[in-house]
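J.: Please find one structure pasted underneath; my questions will follow.
The values are calculated or read from the model by the stated rules, or taken from the named source; none is laboratory data. Just so we're clear, the structure is a prediction, and the values are computed from it rather than from any experiment. Heads up, the Cβs are rebuilt from the backbone with ideal geometry, glycines too, and the neighbour counts pull from every protein chain shown.
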Amino acid sequence: MNAMDIHQILKKLPHRYPILLVDRVLAVEAGKTIKALKNVTINEPYFVGHFPHRPVMPGVMMLEAMAQTAALLAFSAADSGPDDKSVIYFAGIDGARFKRPVEPGDQLIMDVELVRHKAGIYKFKGTARVGEDIACEAELMCTMRKIA
């Protein structure tokens, strides 16, 4: 799987507006790496309050965008997608650093690498950039759980 448009992403992720934060997958090396993008627009609902005088994408939303990108990578490794009986949860975030603000009009490019998959826990290293500048980086841990 080299790239995914929004229609393919919607089949793989359970997220929907306003929390779906991946617009396109640019490249995937199944089970290894993924590169995806989020077009940041003034229409994002969080900009109303963060901040009215200077809109800035919240850091937690950048982490969520990287986690959704990581989930797409995990599904590529398993060659599967979500079903009605399972969900992917955050299990941890380590070393999160925010290097530059992300503003309306920016294109956030997320590079995520699968570091380890053991006992149902996935560990990823993620970097989000605007152009050549790092906006955010973190190690993300996620797990897939069955739901009743």
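J.: Looking at (1) at pLDDT 95 or above; (2) surrounded by 12 or more Cβ atoms within 10 Å (Cβ to Cβ); (3) part of a strand (DSSP E or B), find the lone condition where Arg97 falls short.
T.: Single failed check for Arg97: (2).
J.: Looking at Ala65 and the list (1) without any contact (Cβ under 8 Å) to a residue 12 or more places away in the chain; (2) closer than 21 Å to Ile121 by Cβ, which single condition is not satisfied?
T.: Every condition holds for Ala65 apart from (1).
J.: Against the condition closer than 17 Å to Leu72 by Cα and either in a strand (DSSP E or B) or of a type in the set (S, T, N, Q) (or both), how does Ala128 come out, does it pass?
T.: Yes: the conditions hold for Ala128.
J.: May I pose another question? Is there any pair with a first residue in region 15-38 that is of a type in the set (Asp, Glu) and a second that is surrounded by 18 or more Cβ atoms within 10 Å (Cβ to Cβ) and not in a strand (DSSP E or B) whose Cβ atoms are under 8 Å apart and which are 6 or more apart or on different chains, and what are they?
T.: Pairs that qualify, where the first residue is of a type in the set (Asp, Glu) and the partner is surrounded by 18 or more Cβ atoms within 10 Å (Cβ to Cβ) and not in a strand (DSSP E or B), are Asp23/Ile9.
J.: Looking at region 104-148, which of its residues are among the polar types (S, T, N, Q) and touching a Leu at 6+ places or on another chain (Cβ under 8 Å)?
T.: Gln107
J.: Related question: Which count do you get for residues in region 45-76 that are assigned to a loop (DSSP other than H, G, I, E, B) and under 16 Å from the mean Cα position of the chain (by Cα)?
T.: Number of matching residues: 2.
J.: Being at pLDDT 95 or above, touching a helix residue (DSSP H, G or I) at 6+ places or on another chain (Cβ under 6 Å) and within 22 Å of Met141 (Cβ to Cβ) narrows it down to one of Lys32, Lys38, so name that one.
T.: Lys38
J.: Within region 5-44, track down each residue that is in a strand (DSSP E or B) and either within 22 Å of Met57 (Cβ to Cβ) or out of contact with any strand residue (DSSP E or B) (no Cβ under 8 Å at 6 or more places or on another chain) (or both).
T.: Result: Arg24, Val25, Leu26, Glu29, Ile34, Lys35, Ala36, Leu37, Lys38, Asn39.
J.: Take the residues in region 125-143 that are small (Gly, Ala, Ser) and in contact with a Lys or Arg (Cβ under 9 Å, 6 or more places away or on another chain); name whichever of them is farthest from Arg97 (Cα to Cα).
T.: Result: Ala128.
J.: Would you point out which residue out of Asp106, Asp83 is acidic (Asp, Glu) and free of Cβ contacts under 8 Å to residues at least 12 places away in the same chain?
T.: Going through Asp106, Asp83 in turn, just one is acidic (Asp, Glu) and free of Cβ contacts under 8 Å to residues at least 12 places away in the same chain: Asp83.
J.: Still on this structure, I have one more. Here is a check on your reading of the model: is Ala119 of a type in the set (A, V, I, L, M, F, W, C), on the phi > 0 side of the Ramachandran plot and either surrounded by fewer than 20 Cβ atoms within 10 Å (Cβ to Cβ) or in contact with a Pro (Cβ under 7 Å, 6 or more places away or on another chain) (or both)?
T.: Against the criterion (of a type in the set (A, V, I, L, M, F, W, C), on the phi > 0 side of the Ramachandran plot and either surrounded by fewer than 20 Cβ atoms within 10 Å (Cβ to Cβ) or in contact with a Pro (Cβ under 7 Å, 6 or more places away or on another chain) (or both)), Ala119 qualifies.
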